[in-house]
Number of protein chains: 2
Amino acid sequence: MNQIILLKNRPDGKPQLSDFEFTKEEKPQPQDGEVLLKSKYVSVDPYLRGRMRDVASYIDPFELNEPLQSNIIAEVVTSNNSNFNEGDFVNGMLKWKEFQVSDGKGLNKVDGDKASLSAYLGILGLTGLTAHISLDKIADLKKGETLLVSGASGAVGSTVGQIGKIKGCRVVGIAGSDEKLTLMKDKFGFDEGINYKTTKNMNEAVAKACPNGVDVYYDNVGGEILDAAMNNINKNGRVINCGAISLYNETGPQTGPRYEGIFVKKTVLMQGFLVRDHVKEFGPATQQLLEWLNDGKLTYSETIVDGFENIPQAFLDLFEGKNKGKMVVQIY
Amino acid sequence: MNQIILLKNRPDGKPQLSDFEFTKEEKPQPQDGEVLLKSKYVSVDPYLRGRMRDVASYIDPFELNEPLQSNIIAEVVTSNNSNFNEGDFVNGMLKWKEFQVSDGKGLNKVDGDKASLSAYLGILGLTGLTAHISLDKIADLKKGETLLVSGASGAVGSTVGQIGKIKGCRVVGIAGSDEKLTLMKDKFGFDEGINYKTTKNMNEAVAKACPNGVDVYYDNVGGEILDAAMNNINKNGRVINCGAISLYNETGPQTGPRYEGIFVKKTVLMQGFLVRDHVKEFGPATQQLLEWLNDGKLTYSETIVDGFENIPQAFLDLFEGKNKGKMVVQIY
């Protein structure tokens, strides 16, 4: 029998384990042209929360009582498709099932010799691509500028900070524990860190950590941390909106300070970024990331949780900040 | 004797006549290398409100008990400078004085045969340049897109709308009276208008006037009209922050809805614009504007107030929306 995870309820506010349902089906059989895939590494990501709402967005909502989906590294266990051999590993937007069949569309082979398989969900996957392409398209980082990053010990944030160092910037990270701050500085080479959970006045903390102001703010969280960045933004500052995890579980309208005056006075540029809009750049961007990785200029951390049955809990833990770097569930 | 207008008080909230003081001095005498200028057309602009605050900004604050300044078209009445002849007209950032001397720095000659002198304060001056350069740099208007403009019957807004029509866009304007809406449509060729003062639900009004959503929102006002635009923004929408007149007289912090989620989902770009950052483009941009003007593709309206003594009231009237197009004070 084949295990599956369905969306049982659309969460109201913070998702809970009871919003997910485990069920079983007959193990599927691949037809002509199809492959049978066994899930090996499942990516859990904050943006999936958005797909649990029944609203139009950049990606279709999940259906109730249907399997959830995310990026998964799977092994080809049976192949009736000449493009794939048994034993190949592929990366694709796949269902939360132990086994599933695919006609091969949208699957990309990954090479476990060049990097670890889970890296293709993180530093060499959408998170690494997000960091690199968004900085390249929007930030235009210049040597000596100050780059402020929120969610800085996370998968995207830690890559953003390291690219900032490669470009010669002063890099300041914001995260939610002293342990994460240590990780940022010792492992990822950030110059300075701010623990937002123990900081009373974020405006002052950002001003102190960024004595020359903020040239680029890379926002993964939104809310009051964005406010503090805007209050310290420099003339011609750039803000990349990559995520707003602080608001994802909010149910009502959110309010905050108006920024219109700052936009005009400081000629600020703010731009939202979705990596899926930039598929054409994935090839060269992945090559660049792999090169930096092999040169030792980039490193990454990941939190690997064991077992298919723990996928929902791993997802919930994202909103508690329990991951360090990319959160991945490994299935044996 | 020479009349002067000084800043007497820094306004608290909305400026008042009592914040200005009229005084007199001896008529100045030009020295070697200097010219004596007589003010002919004085530009009054919302951004001057910002210079009345004692805070660092993109331009120095006005000093208390010193003359205010703005763009002025002046006549050279005496010249001890070989670059200028008596009878020349010049445009410069000059003091609110009937007569003043200048060493010629920062003065640009203007040709009253090519366009009316007051046009050099509007459609051929900073307002026209603001509209043209900001659209060119930030909006990248495409044929068939929907351009929404606030302050649409004003000097910048009416030029923005006309450039939108030149580029083949559907252009919708927001203004504060039915008379202004008629002006927008009949004189400037806007496709549709919204009177924000008689509209209860701006979100719905924008949705109705922009059935294909808003691709580019040109913001001159900020506040709740910006909110309505953001609620109707399309994927890859662009917002130009050119001004925020609705907030300029506010004394406390302003709050409004948070846009982080919209920025990410719709990959919105928002950018503040100050025309003074783009001086290098003034030459070709002025040529383009003059060409459109002479081809009949651009037109403009102006509210001309008579008399040096009415400069402060003309400035105050900007915040009541009493001007149609560029507000200029003519001095005989």
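Percent of accessible area on chain B owned by carbon and sulfur, 1.4 Å probe? Walk me through the numbers on the way to the answer.
Values: 6280 of 14120 Å².
The computed percentage sits at 44.
How much of B:Leu135 can a 1.4 Å solvent probe reach, expressed as accessible area in Å² and rounded to 10?
Counting only protein heavy atoms, B:Leu135 exposes about 10 Å² to solvent.
Using +1 on the beta carbon of Lys and Arg, -1 on that of Asp and Glu, and nothing else charged, what's the dipole of the stretch B:143-204 about the Cα centre, debye to 20? Kindly include the intermediate steps, with their values, before the conclusion.
Values: 9 positive and 7 negative charges, 30 e Å.
Charge dipole, the stretch B:143-204, about its Cα centre: 140 debye, nearest 20.
Go ahead and run the numbers for FRET between B:Asn9 and B:Arg276, Cβ-Cβ distance against an R0 of 25 Å, rounding to 0.05. It would help to have the intermediate numbers written out before the result.
On the way: r = 27 Å, r/R0 = 1.06.
Step by step, r from the Cβ atoms, then E = 0.40.
If you average the C-alpha positions of the stretch B:236-306 and of the stretch A:62-84 separately, how far apart do those two centres end up, in angstrom?
48 Å
Once the Cα atoms of chain B are picked out, what are the Rg and Dmax in Å?
Taking only Cα atoms of chain B, I get Rg and Dmax of 20.4, 63 Å.
Shape verdict for the stretch A:126-276, please, from the Cα gyration tensor: rounded (a/c under 1.5), prolate (a/b greater than b/c) or oblate.
Details: a/c = 1.18, a/b = 1.11, b/c = 1.06.
Rounded, because the longest to shortest axis ratio a/c is under 1.5.
Pairs A:Lys114/A:Lys326; A:Lys8/A:Lys95; A:Lys137/A:Lys167; A:Lys180/A:Lys322; A:Lys137/B:Lys143; B:Lys143/B:Lys165: which exceed 21 Å Cα-Cα? Don't skip to the answer; put the middle values down first.
On the way: A:Lys114/A:Lys326 19 Å; A:Lys8/A:Lys95 15 Å; A:Lys137/A:Lys167 14 Å; A:Lys180/A:Lys322 10 Å; A:Lys137/B:Lys143 24 Å; B:Lys143/B:Lys165 9 Å.
Cα-Cα > 21 Å for A:Lys137/B:Lys143; rest within.
Taking the Cα centre of chain A as origin, work out the dipole magnitude from +1 charges on Lys and Arg Cβ and -1 charges on Asp and Glu Cβ, in debye rounded to 20. Spell out each step's value before the answer.
On the way: 38 positive and 43 negative charges, 238 e Å.
Approximately 1140 debye in magnitude.
Could you check the spin-label model distance between B:Thr255 and B:Glu63? Points 7 Å from the Cα along Cα→Cβ, value in nm.
Between B:Thr255 and B:Glu63, the simple spin-label model gives 4.1 nm.
Counting only DSSP beta bridges with both residues in chain A, tell me the antiparallel percent, nearest 5.
Numbers: 32 of 58 bridges.
Taking every DSSP beta bridge with both residues in chain A, the antiparallel ones total about 55 percent.
Leaving out ligands and nucleic acids, note down the accessible area per residue over the stretch B:126-276 with a 1.4 angstrom probe, in whole Å². Write out the running numbers ahead of the final one.
Working: 5500 Å² over 151 residues.
With all protein chains present, the stretch B:126-276 gives 36 Å² per residue.
What shape does the stretch A:206-281 take by its C-alpha gyration tensor, where a ≥ b ≥ c are the square roots of the eigenvalues and a/c under 1.5 counts as rounded, a/b above b/c as prolate, and the rest as oblate?
Working: a/c = 1.73, a/b = 1.19, b/c = 1.46.
Oblate, since a/c reaches 1.5 and b/c is not below a/b.
Give the aspartates and glutamates whose C-alpha is closer than 18 Å to that of A:Lys297, dropping any in the same chain fewer than 8 places away, or say none.
Cross-link targets: A:Asp136, A:Asp186, A:Asp191.
In whole Hz, what ³J(HN,Hα) sequence does the stretch B:71-85 give by Karplus (6.51, -1.76, 1.60; θ = phi - 60°), x for Gly and Pro?
Values, residue by residue: 5, 9, 8, 10, 9, 7, 9, 9, 10, 10, 10, 5, 7, 10, 10 Hz.
Tell me, in nm to one decimal, what length is gained between B:Glu25 and B:Lys187 on full extension, where the rule is 0.36 nm per residue of separation less the Cα-Cα distance?
This chain segment gains 54.0 nm when fully extended.
Along Cα→Cβ at 7 Å, what distances in nm separate the B:Ser177 label point from those on the other copies, shortest first?
B:Ser177 label point versus its equivalents elsewhere: 6.3 nm.
For the stretch B:37-73, state which residues have at least 20 Å² less accessible area in the presence of all protein chains than in their chain by itself, taking the probe as 1.4 Å and leaving out ligands, DNA and RNA.
SASA drop of 20 Å² or more in the stretch B:37-73: B:Ser57, B:Tyr58.
Mind checking how much accessible area B and A bury in total, 1.4 Å probe, in Å² rounded to 100?
Chain pair B/A: roughly 2600 Å² of buried accessible area.
Apply the Karplus parameterisation 6.51 cos²θ - 1.76 cosθ + 1.60, with θ equal to phi minus 60°, to every residue of the stretch A:141-148 and state each ³J(HN,Hα) to the nearest whole Hz, in sequence, with x for glycine and proline.
Karplus-based 3J(HN,Hα) across the stretch A:141-148 equals 4, 10, 3, x, 6, 9, 10, 9 Hz.
Amide H to amide H, which residues 5 or more places from B:Asn83 or on other chains are under 5 Å from it, using H placed in the peptide plane?
none
Report the local net charge at A:Ile59: Lys and Arg +1, Asp and Glu -1, summed over other residues whose C-beta lies under 9 Å from its C-beta. Could the numbers behind the result be given before it?
On the way: positive: A:Arg51, A:Arg276; negative: A:Asp60.
That sum, taken over residues with Cβ under 9 Å, equals +1.
Quote the accessible area belonging to B:Met52 in square angstrom, nearest 10, computed with a 1.4 Å probe and with ligands, DNA and RNA left uncounted.
About 0 Å², ignoring ligands and nucleic acids.
Checking the cross-link filter: which aspartates and glutamates have an alpha carbon closer than 13 Å to that of A:Lys142, excluding same-chain neighbours under 8 positions apart?
In chain and number order, the partners are A:Asp215.
What full-extension length gain, to one decimal in nm, is calculated for A:Val55 and A:Asp136 as 0.36 nm per residue of separation minus the Cα-Cα distance? If you can, show how the numbers build up before the last one.
Details: separation 81, 0.36 × 81 = 29.16 nm, distance 3.06 nm.
That pair, A:Val55 and A:Asp136, stretches by 26.1 nm at full extension.
Nearest 20 debye, what's the magnitude of the dipole of the stretch A:250-328 about its Cα centre given +1 on Lys and Arg Cβ and -1 on Asp and Glu Cβ?
Working: 9 positive and 11 negative charges, 97 e Å.
Result for the stretch A:250-328 is approximately 460 debye, rounded to the nearest 20.
The values are calculated or read from the model by the stated rules, or taken from the named source; none is laboratory data. Predicted, not measured: the structure shown is a model, and the values here were computed from it. For neighbour counting, all protein chains shown are included, and Cβ atoms are generated from backbone atoms with ideal geometry for every residue, glycine included. In case anyone asks, the SASA skips ligands and DNA or RNA and just uses the protein heavy atoms, side chains included. Shrake-Rupley method; radii C 1.70, N 1.55, O 1.52, S 1.80 Å.
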